[in-house]
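Take a look at the structure set out below.
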Amino acid sequence: MPLEAIEIAKKIVEAATDKQASDVVLLDTRKVCSFADYFVICNGESERQIEAIREAIDEVLKKEATVSHHYEGDANSGWVLLDLGEIIVHIFSPFEREYYQLEKLWSKAPVVLRIM
């Protein structure tokens, strides 16, 4: 039986934190966004860490038989986006995250969890 989107999102958060991602936020965007139910936003402190976080999330997706519909960016750009349909994952460098301020843009979305 496939997992619900929230369960997959929580597994993504766990995978990111296992790779020492910082300031991890899971937003419930169901009432404020037409294209995704959840956003996972986190920081990687270096290109190597951003890539490690992405790889850990890919492993979770394989285990859960979930595929990424779209993938954008790479570690050296400072922003990697994984579009899983119901879940959008943003892995940022601290500079890029501050620049784009997605939490401010989506401030009406309730925070499901935050790990600093």
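General observations
- Of all residues in segment 105-116, those that are over 10 Å from Val32 (Cβ atoms) have Cβ atoms under 7 Å from Cβ atoms of residues that are modelled with pLDDT of 95 or more and among the polar types (S, T, N, Q), 6 or more apart or on another chain, in Ile115/Thr17.
- Any hit, segment 46-63, residues being within 20 Å of Tyr100 (Cα to Cα) and among the aliphatic types (A, V, I, L, M): yes
- Residue match in segment 54-71 (condition: at positive phi, surrounded by fewer than 17 Cβ atoms within 10 Å (Cβ to Cβ) and free of Cβ contacts under 8 Å to residues at least 24 places away in the same chain): no
- Residues in segment 33-53 that are in contact (Cβ under 8 Å) with a residue 40 or more places away in the chain and β-branched (Val, Ile, Thr): Val40, Ile41, Ile50.
- Among the residues of segment 72-101, those identified as among the hydrophobic types (A, V, I, L, M, F, W, C) and either surrounded by 17 or more Cβ atoms within 10 Å (Cβ to Cβ) or over 24 Å from Lys31 (Cα atoms) (or both) are Ala75, Trp79, Val80, Leu82, Leu84, Ile87, Ile88, Val89, Ile91, Phe92, Phe95.
The values are calculated or read from the model by the stated rules, or taken from the named source; none is laboratory data. Note that the structure is predicted; figures quoted are calculated from it, not measured. Note that each Cβ is placed from the backbone with ideal geometry, even for glycine, and that neighbours are counted across all protein chains shown.
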